[in-house]
Amino acid sequence: MTENRQTVLITGAAGFLGTYLAELCAKTGILAVGLDLNPPHQPRLWHDFHRVSCESPDVAELLRKHKFSSVFHLAGGASVPVSVQNPYQDFTNFIPGTANLALKIAKEQPECSLVLFSSAAVYGDPAFLPIDESAPLHPLSAYGAHKALGEALLQHYARLYGLSIRIIRVFSAYGPGLRKQIMWDICQKAFAAVSSSNDGIELFGTGRETRDFIHARDVARAALLVSALPASEPTMIFNVASGVETHIADLAHLIVGKIDPRLEIRFSGTVRLGDPSNWRANISKIVIEGFECSTTINEGVAEVVEWAKDVTWGEQQDRFSDSFSG
């Protein structure tokens, strides 16, 4: 067992949101134990780190070694396009490990809470906005379907094995460090256009699509808040979002305006399979518990653009140095 300090387990620990959650734990004095097949990006954040999957028999030993107040389950696929291309791989990356983790917790530490990082993708195209937690689940992608399946599995396990399950449906999380999805893609296209003297960039869709963006720091804050709530019922479900609807065209102009306002933004009109049209979350349920977003979309986009500039320029410099030295 670890020393007498609050300790949590984070699966998918080397990922984008797992790293932000570990950073918040470090700032608040919580010991973070990580589980991921990949090495951590910031080893200093971790009290202990294990490079195994959630399906491994080692999970039971880990639960015997440490006393956890909460387990945050972030492991599994994290890409809608990849799930569309290979749905079975997305399934195997998430569902078996989720089952093994929950069953091992039920046996070794049934008193700790299990917080599942689910996704707004479970909703698909909602019939009404803002979307509340009672909305029917109608996913448009294998990724969303498997998140919904994981939710259902854990709700049954809560009933069968007495687990305390918390489900957070994360909407469009973003922040420095996320080298995929729309903000990163827009930045890279804008940088490429400036470098090649093109007059504009082209994006998927129409620009009228909307998303509810939330900074990764706020996602981490929401997760810790939910994990500490008294268990009023076996399964508790919360939307984690800003509650603000942002049009993709407005987001694109905000990002491009910080890179080169002269660039024209064009939309292909082609909507990618699995992408919903409009999202805005009803966050009243988690707000009642004391949650409030700390980062606005303007502040967050400015952070992302500056980070993406540093990353892209650094990589270009590295490639130039390698080419020159050769």
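Rule-based calculations on the coordinates, nothing more; no lab input. The shown structure was predicted, so the numbers you read here are calculated from the model rather than taken from an experiment. Cβ atoms come from the backbone with ideal geometry, glycine included; neighbour counts cover every protein chain shown.
Structural remarks
- Gyration tensor verdict on region 169-224 (Cα atoms; rounded if a/c is under 1.5, prolate if a/b is larger than b/c, oblate otherwise): oblate
- Taking each of K65/K104; K67/K107; K27/K107 in turn, the alpha-carbon distance tops 20 angstrom for K27/K107.
- For the chain: rounded, prolate or oblate by the Cα gyration tensor [a/c cutoff 1.5]: prolate
- For L224, L116, the sequence from fewest to most other C-beta atoms within 10 Å is L224, L116.
- Annotation: amide H-H contacts under 5 Å for A231 (H modelled 1.01 Å from N, sequence separation of 5 or more, or interchain): none.
- About the centre of its Cα atoms, region 114-271 shows a dipole size close to 440 debye [charges on the beta carbon of Lys, Arg (+1) and Asp, Glu (-1) only; nearest 20 debye].
- Listed values for region 290-296 are Karplus-derived 3J(HN,Hα) couplings in whole Hz (6.51 cos²θ - 1.76 cosθ + 1.60, θ = phi - 60°), namely x, 7, 8, 5, 9, 10, 7, and x replaces Gly and Pro.
- Cβ-based net charge around S83, under 14 Å, with every Lys or Arg adding one and every Asp or Glu removing one: +1
- Exposure proxy ranking for W307, W46, based on other Cβ atoms within 10 angstrom of each Cβ and starting from the fewest, stands as W307, W46.
- Helix runs (DSSP H) in the chain reaching 30 Å along axis by Cα, Kyte-Doolittle at least -0.5: 87-108
- Estimated FRET transfer efficiency when R0 is 35 angstrom, pair T296-N198 (beta carbons, to 0.05): 0.70
- Overall form of region 4-118 per C-alpha gyration tensor (a/c, 1.5; a/b vs b/c): oblate
- Proximity of backbone amide H atoms, modeled 1.01 Å from N, is registered between F49 and G34 at under 5 Å, excluding neighbours fewer than 5 places apart on the same chain.
- For I167, the amide hydrogen comes within under 5 Å of the amide hydrogens of L116, M236, I237, F238, counting only partners 5 or more places away or on other chains and with H modelled in the peptide plane.
- When each of the peptides 135-141, 77-83, 52-58, 171-177 is scored by how many other beta carbons lie within 10 Å of its residues on average, the order from highest to lowest is 171-177, 77-83, 135-141, 52-58.
- Lysines whose Cα lies under 23 Å from that of K258, excluding same-chain neighbours fewer than 8 positions away: K180, K189, K309
- Residue order for I10, I288, I201, fewest other beta carbons within 10 angstrom first, comes to I288, I201, I10.
- The residues neighbouring V287, those whose beta-carbon lies less than 15 Å from its own, together hold a net charge of -2 under the Lys/Arg +1, Asp/Glu -1 convention.
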